[in-house]
């Protein structure tokens, strides 16, 4: 009978430990999801605020440099064309470097996610 009681107690202890493990795992998962969603939200908000202001600044710089270059070349249309081509070349360079950006982003996110 003692063996049966020991086996029953061991089973109960194992069941309690399993329930506690599942509860703690669930709580940890909830915290991890909250952490990732908060981090993602913060990054998106910063991206819109800083990116929007930077974009606005770049527009003004592009127009003013196109006008200045046009006056220097004595042809405003040629100034706009040169600035447009410079922006196009920069865009193409960034397009060809997109794999590098992906690697950087994935490595940073993996550190956050798996820590």
(Q) I'd like to compare 69-78, 39-48: which one has the highest average count of other Cβ atoms within 10 Å, and what's the full order after that? (A) 69-78, 39-48
Q: Starting from the Cα of residue 54, step 7 Å along the direction of its Cβ; do the same at residue 22; then give the gap between the two resulting points in nm.
A: 4.7 nm
(Q) I need 96, 63 ordered by Cβ neighbour count within 10 Å, fewest first. (A) 96, 63
Q | For the stretch 2-114, convex hull volume per residue from C-alpha positions, Å³ | A | 102 Å³
**Q.** Cα gyration tensor shape for the stretch 53-96, rounded if a/c is under 1.5, else prolate or oblate
**A.** oblate
Q) Modelled label-to-label distance, residue 89 and residue 106, 7 Å Cα→beta-carbon offset: nm? A) 3.1 nm
Q. Taking the Cα atoms only, what angle lies between the long axis of helix 2-73 and the longest principal axis of the chain, rounded to 10 degrees?
A. 0 degrees
Q. Percent relative contact order of the stretch 2-114, based on C-alpha pairs within less than 8 angstrom and at least six residues apart?
A. 13 percent
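Coordinate-derived values only; no laboratory data. As the structure is a computational prediction, the values presented were derived from the model and not from experiment. Please note: Cβ atoms are built from the backbone with ideal geometry, for glycine as well, and neighbour counts cover all protein chains shown.
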